[in-house]
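Here's the structure we're looking at; comments come further down.
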Amino acid sequence: MPTDPAAAAALLAWSQAADDDTTLDASQLDLSGADLALATLFDTNLTDAKLTEADLYRAQSADAVLDRADLTGASLVKADLRDTRAHGAVLTRANLGSAELWKVDAHSASLRYASLNGAALLHVSLTAADLTGASAQNTTLNVTLDESTVVAGLNGQIYGPAHLVENGVVRELAGLELKLWLNERGASVQVLNSAPGGTVYFARVDAEFPRSHPAGVMRRRRAGDIVRDEAFTRNLSWEPTEYFRRYELGSNDGEHVEISEEEANRFVVEITLRSQRLRGPT
């Protein structure tokens, strides 16, 4: 129980209610440090509530309101938040590892230095939100952004696509375009997938083989739910590769960076010409 008597009383009454449909109204209460692991927070009102360092491990919320709630340092590991409104919520340094957020409106929320590793943010609004320094390793960011979304220091490997609101018009960002949009604003992320029906190219690089002269090039082609990974081989053709699968399983046999189609085509031409020179006239 939280140390605040009013908050403790509200939680106790809610937990002991005979009616399973009883909802929790904890607006403006101090629930700091409360153990809400595995809690079911349907239709809960947490407007202006204080939940600093609270434990919401595997908590579930649906149709809840967390406007301006303070969840600084809270644990939301594997939490399941759906159809939840969190305007101006503070999730600074919160841990949302492997959490699932579906149709969450986090307009103007603060996720500064939050851990989003392994989380899935699906149809989440991050307009005017602050993701300064947030960690996003293998994170799905199917989110809505706008020019006031702060992403400086956001780092990791993410899956898109995201949606950008510009002058009232929404357009999709994926692959290299999403990476450039984020990184030009101070993020340091790699986008791991392409838009449906798109192709993303990668170069294998290391200290000896920089991006301008890579050790090889690969591509990931997506058609709906079908993904094909290919590498340009010594046979001077695009052939199936297991590189990405091995890499995602933790293989250390190389590093890769996303490149443009033009860069990939330039490599293909150079390798083809070099091979022809080595073979000599036929």
Self-check item: Electrostatic dipole magnitude of the chain [Cβ: Lys, Arg +1; Asp, Glu -1; Cα centre; debye, to 20]
Solution: 1560
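Considering only DSSP beta bridges whose two residues both sit in the chain, what percent are antiparallel, to the nearest 5?
On the way: 25 of 70 bridges.
Of all bridge pairs located within the chain, approximately 35 percent are antiparallel.
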Quiz prompt | Gaussian network model of the chain, Cα within-10 Å springs - most flexible of N45, N183, N167 | solution = N167
Quiz item: Considering the chain as a Gaussian network with a 10 Å cut-off on Cα pairs, which listed residue, A187, A207, A79, attains the greatest mean-square fluctuation?
Solution: A207
Quiz item: So how much accessible area does K103 have, in Å² to the nearest 10, using a 1.4 Å probe?
Solution: 110
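Projected area of the chain, taken from the Cα convex hull and averaged over every viewing direction, in nm²?
Working: hull surface 70.5 nm².
Dividing the Cα hull surface by four gives the mean projection, 17.6 nm².
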Exercise. Find the relative contact order for the chain and round it to a whole percent, using C-alpha pairs within less than 8 Å whose residues are 6+ positions apart.
Key: 8
Practice problem: Determine, from the Cβ-Cβ distance of D43 and E262 and an R0 of 35 Å, the FRET efficiency 1/(1 + (r/R0)^6), rounded to the nearest 0.05. | Solution: 0.10
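Given charges of +1 on the Cβ of Lys and Arg and -1 on the Cβ of Asp and Glu, with all other atoms neutral, how large is the dipole of the range 121-180 about its Cα centre, in debye to the nearest 20? Could you put the intermediate results ahead of the total?
Values: 2 positive and 6 negative charges, 36 e Å.
Dipole size: approximately 180 debye.
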Quiz item: So what is the calculated 222 nm ellipticity per residue for the chain, using -39500 (n - 2.57) for each DSSP H run with n of 4 or more, over all residues, to the nearest 500 deg cm²/dmol?
Solution: -5000 deg cm²/dmol
Exercise. Please find the FRET efficiency linking L180 to Q60, where r is the Cβ-Cβ separation and R0 is fixed at 35 Å, and quote it to the nearest 0.05.
Key: 0.45
Self-check item: In order through the range 95-102: 3J(HN,Hα) via Karplus (6.51 cos²θ - 1.76 cosθ + 1.60), integer Hz, x for Gly, Pro
Solution: 9, 10, x, 6, 6, 10, 10, 10
Quiz prompt | Share of carbon and sulfur in the accessible heavy-atom surface of the range 101-193 [1.4 Å probe, %] | solution = 52
Quiz prompt | For the range 1-159, accessible area per residue (1.4 Å probe, heavy atoms of protein chains only), Å² | solution = 43
Self-check item: Max mean-square fluctuation residue, GNM over the chain, Cα-Cα springs under 10 Å, options R93, R85, R211
Solution: R211
Quiz item: Normalized C-alpha radius of gyration of the range 81-208, against 2.2 N^0.38 Å?
Solution: 1.01
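For the range 1-156, what number results from the quotient of the Cα radius of gyration and 2.2 N^0.38 Å? Let's see the in-between values first.
Details: Rg = 14.7 Å, N = 156, 2.2 N^0.38 = 15.0 Å.
Taking the Cα Rg and dividing by 2.2 N^0.38 Å, one obtains 0.98.
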Quiz item: Say R0 is 51 Å: what FRET efficiency, to the nearest 0.05, do D80 and E270 get from their beta-carbon distance?
Solution: 0.55
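Test of understanding: given the chain, find the longest segment containing no GluC sites (Glu not before Pro) that are in a DSSP loop and have at most 12 other Cβ atoms within 10 Å. The partial results should precede the final answer.
Values: sites that count: E147, E184, E208, E242.
Longest site-free region, per DSSP loop and neighbour criteria: 1-146.
The values are calculated or read from the model by the stated rules, or taken from the named source; none is laboratory data. Given the structure is predicted, the values throughout are model-derived calculations rather than measurements. Note: ideal-geometry Cβ built from the backbone for every residue, glycine included; neighbour counts use all protein chains shown. Each accessible area value is taken on the protein alone, full model and side chains, heavy atoms only, with ligands, DNA and RNA left out. Shrake-Rupley method; radii C 1.70, N 1.55, O 1.52, S 1.80 Å.
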